[in-house]
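This report refers to the structure that appears directly beneath it.
The values are calculated or read from the model by the stated rules, or taken from the named source; none is laboratory data. Predicted model, so just to flag it, every value in this text is computed and none were measured. Here Cβ is always computed from backbone atoms with ideal geometry, including for glycine, and neighbour counts include all displayed protein chains. These area figures cover heavy atoms from the full protein model, side chains too; ligands, DNA and RNA do not enter into them. Shrake-Rupley method; radii C 1.70, N 1.55, O 1.52, S 1.80 Å.
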Amino acid sequence: MSTKSQEKQLITLKSWDEEEFVVEESVAVKSETIKNIIEDCGLELIPLPNVDGKTLAKVIEYCTKHSTGSNDDSEDLKKFDDEFLDSKEIPVLIDIVLAANYLNIESLVEKICTKIADRIKDMSVEEVREAFKIENDFTPEEEKKIRNEHAWAFE
Amino acid sequence: MAYSFPEEVLEHVFSFLNTDRDRNTVSLVNKSWYEIERWCRRRIFIGNCYSISPNAMIRRFPEVRSVEIKGKPHFADFNLVPEGWGGYVYPWISAMARAYPWLEEIRLKRMVVSDESLELISKEFKNFKVLVLSSCEGFSTDGLATIAANCRNLRELDLRESEVDDLSGHWLSHFPDTFTSLESLNISCLSSEVSFSALERLVSRCPNLRSLRLNRAVPLEKLSNLLRRAPQLVEFGTGAYFAEPRPDVLPNLVAAFSGCKKLKALSGFWDVVPAYLPAVHSVCSGITSLNFSYAPIPSHDLVNVVIQCPKLQRLWVLDSIEDSGLDDVATFCKDLEELRVFPSDPFGAEANVSLTERGLVSVSEGCPKLQSVLYFCRQMSNAALAAIALNRPNLIRFRLCIIEPQAPDYQTLEPLDVGFGAIVEQCKELRRLSLSGLLTDHVFEYIGTHGKKLEMLSIAFAGNSDSGLHHVLSGCERLRKLEIRDSPFGDRALLANAAKLETMRSLWMSSCSVSFGACKLLGQKLPRLNVEVIDERGTPDSRSESCPVEKLYIYRTVVGPRFDMPDFVQTMDLDAPIRLS
């Protein structure tokens, strides 16, 4: 266990593609996953095999902003959150939400899910498939049957 | 590379999608999304109870918490759907009782609800919270008693405009003393007196009560007691608004209303004595909704209240408000979005009040946010309709009811085709339209050409020939509900546009010229539609092919013909010729 010092404790986070990020412990523990690792193992270098460097950088950006001590509801933070998320395309948001989910950063997962839902609201089925890079595995007959059921019964 | 989304993250995204449209979109993305979505869909809306079966709904969506179902077609409101036609909710309730033990909300419109259904609801759904019965029938106050007695977590009981077999007001006393969760109660359609002390105790012990709509039998003298116990009310419907003249009535009312600082909506006002209306003045500045449709009082008494409501968004009123009153509305109620003017004497031969087309023109000029209109009157002109259209191109719903069928433009004696044409041409977002007055096929030409966003159209005593119907069916791309009565539309337009019927929720035609043979043909051509011939006039066997049917109701369904029809309803399908023998 590292001894407590007057200086802020620093932690190194390493992505699967070998990028290292040195962050204050108070920022790193925004992730419940990392918090548990620190508490259980006392590591100062934490490997994160499920997150790539680019995405980890963005997650750290969010966590840094959200550990300044100010209230999570403050106008500044809300503005930051909106800009942080609105500026990103869906594939990037997906990367971040998967990382945030793995790292157990609840507030970030929640916010991204809301944003992704907002984007989906204007989309057609084809657009959603494209944004999420998903193949349609319905046969034309199956798809038609469901579309009919929607229009005829559930709308 | 496809993203392997953890199911719970995807479910979480879906939890922010609340419209049927969005839920339906994501469920079509691929099989995996379909599976995830169907397990987490919690709200279902069924626009036509016969379009799908309860079991089919349950098979696809196993974990539903809230269901809304509609039964009879809209023209049932005008007594055009015979008693016993259908719309029974019991099969839905009994299936859901087995499948959805955690169901919390049931909202029904124009359905037949039995006391057994209510009892089942009260006993099988342990966390039941919301029951809304809109224009329903078939149940009695005994059924309400079981709801009151057993639904420990009930938040909302709303009986709006239902026809209830009102055996006694005692049912209200069945809410146990431990019951405190009520947030909304609407009993305005009931006629019996409920136990007032039970009502008072109920109101006192429910701190979250925000909406209370009383019935006529609650006397005015009791209002103050209730309002004092519920100063947090946001919506309030009075009972009979009259009392023997006594000096303390008005001061008590004034004090009671002034305590309710959150009131936004007022209704009730049966038998209103105008002298007591000023009691509401203290809350007028916050009022957004006023329903005076049971108050046949002189215009100036209505206006005295209305002009104090600058935030008014919705006004329902009788034609006793007159043109002069509507002028005042136009001046003072700049936030008005919805206006409904009902007839105080619909069956009188002559106009009893001075309400004409001018009142509506005035409101259309003065109220920039007006979107939704329902207007009963006795005269209309093309010029007035054109003016309304020009003033208010943002109209979404326009229902005009000129009381005399086939009344022409009262100034020129011409049909009102051009006037309604102006409405559909200018109002590009128009979704709902009801026509009246003298109308030829021309009006349907305008509607077919311009009514591109029209979803619901009501036609009565209009048109000359099948071209009228053809214009509508071929032109109105977004049409979902079409209801027609007493108009000379027959086989040709219907058969030529048969495929269109699969893109609509339903078509109702009564007292038109559609032949029995055409109905059979439609039923055979389009097996996925239920073509119901409703005819109370005698034995179907004796009917010839060319005989026009009395009533016709056609709707698309994924489950085929229903089996709960009375003998005066026949579904035309492939077996129709055989079934007649």
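Residues whose amide H lies under 5 Å from that of B:Gly237, counting only those 5 or more places away or on a different chain, are B:Leu212, B:Arg213, B:Leu214, B:Ser267; hydrogens are built 1.01 Å from N in the peptide plane. Only alpha carbons enter this Debye calculation for chain A, each as an equal point scatterer, and the log10 of I(q)/I(0) it gives at q = 0.11 Å⁻¹ is -0.56.
With 30 Å as the limit, the listed pairs B:Lys452/B:Lys551; B:Lys70/B:Lys123; A:Lys58/A:Lys144; A:Lys121/B:Lys334; B:Lys109/B:Lys264 have A:Lys58/A:Lys144; A:Lys121/B:Lys334 beyond it between alpha carbons. Scaled against 2.2 N^0.38 Å for its residue count N, the alpha carbon radius of gyration of region B:506-566 is 1.08. With the simple model of a label 7 Å out from the Cα in the direction of the Cβ, B:Leu167 to B:Ser192 spans 0.8 nm.
Model label sites at A:Glu75 and A:Lys121, defined 7 Å from Cα along the beta-carbon direction, differ in position by 2.4 nm. The alpha-carbon atoms of the protein assembly as shown define a convex hull whose volume equals 198 cubic angstrom per residue.
Contact residues in region A:107-124 by the 40 Å² criterion (accessible area, 1.4 Å probe, full protein complex versus chain alone): A:Glu110, A:Cys113, A:Ala117, A:Ile120, A:Lys121. Taking amide H positions as modeled 1.01 Å from N, with prolines and chain starts lacking one, the residues under 5 Å from B:Arg160 and 5 or more places away or on another chain are B:Leu133. Phi angles across region B:283-295 convert, under the Karplus curve 6.51 cos²θ - 1.76 cosθ + 1.60 with θ = phi - 60°, into 3J(HN,Hα) values of 9, 4, 5, x, 6, 10, 9, 10, 10, 10, 6, 10, 10 Hz, Gly and Pro given as x. Within a straight-line Cα-Cα reach of under 19 Å, B:Lys261 can be paired with the following lysines, leaving aside sequence neighbours fewer than 8 residues apart in one chain: B:Lys311. In this structure the amide hydrogen of B:Ser465, modeled in the peptide plane, comes within under 5 Å of the amide hydrogens of B:Asp441, none closer than 5 places in sequence on its chain.
With semi-axes defined as the square roots of five times the eigenvalues of the C-alpha gyration tensor, the equivalent ellipsoid of region A:31-111 measures 22, 17, 10 Å, largest first. By the equivalent-ellipsoid construction on the alpha carbon gyration tensor, chain B comes out with semi-axes of 39, 34, 24 Å, ordered largest to smallest.
Calculated from the alpha-carbon coordinates, region B:136-254 shows an Rg and a Dmax of 14.0, 44 Å respectively. Here the mean projected area of the convex hull built on the C-alpha positions of region B:402-466 is 4.2 nm². The relative contact order of chain B comes to 6 percent, based on Cα pairs under 8 Å that sit 6 or more residues apart. The coefficient of translational diffusion for region A:80-130, derived via Stokes-Einstein from the alpha carbon Kirkwood radius under 4 °C and 1.567 mPa s, stands at 115 µm²/s. Expressed as a whole percent, the proportion of Cα-Cα pairs in region B:1-76 lying more than 21 Å apart is 32%. Rounded to two decimals, the Cα-based Rg/Rh of region B:400-535, with Kirkwood Rh, is 0.97. A simple spin-label model places the labels of B:Lys126 and A:Ile134 3.4 nm from each other, with each point 7 Å out along Cα-to-Cβ.
This model, with +1 at the C-beta of Lys and Arg and -1 at the C-beta of Asp and Glu, gives chain A a dipole about its Cα centre of some 200 debye. Comparing A:Asn136, A:Asn101, A:Asn36 in a Gaussian network model of chain A, where Cα atoms under 10 Å apart are tied by springs, the biggest mean-square fluctuation is seen for A:Asn136.
What total accessible surface area, summed over both chains, is buried at the interface between chains A and B, computed with a 1.4 Å probe and given in Å² to the nearest 100? The buried area between A and B, both sides summed, comes to about 3600 Å².
Summarised as an ellipsoid, region B:454-521 has semi-axes of 16, 14, 11 Å, derived from the eigenvalues of the Cα gyration tensor scaled by 5 and square-rooted, with the largest first.
Counting only DSSP beta bridges with both residues in the protein assembly as shown, the antiparallel share comes to about 20 percent.
Take every pair of alpha-carbon atoms less than 8 Å apart whose residues are at least six positions apart; their mean separation over the length of chain A yields a relative contact order of 19 percent.
Protein heavy-atom surface of the protein assembly as shown, 1.4 angstrom probe: 50% of the accessible area is carbon and sulfur, with nucleic acids and ligands not counted.
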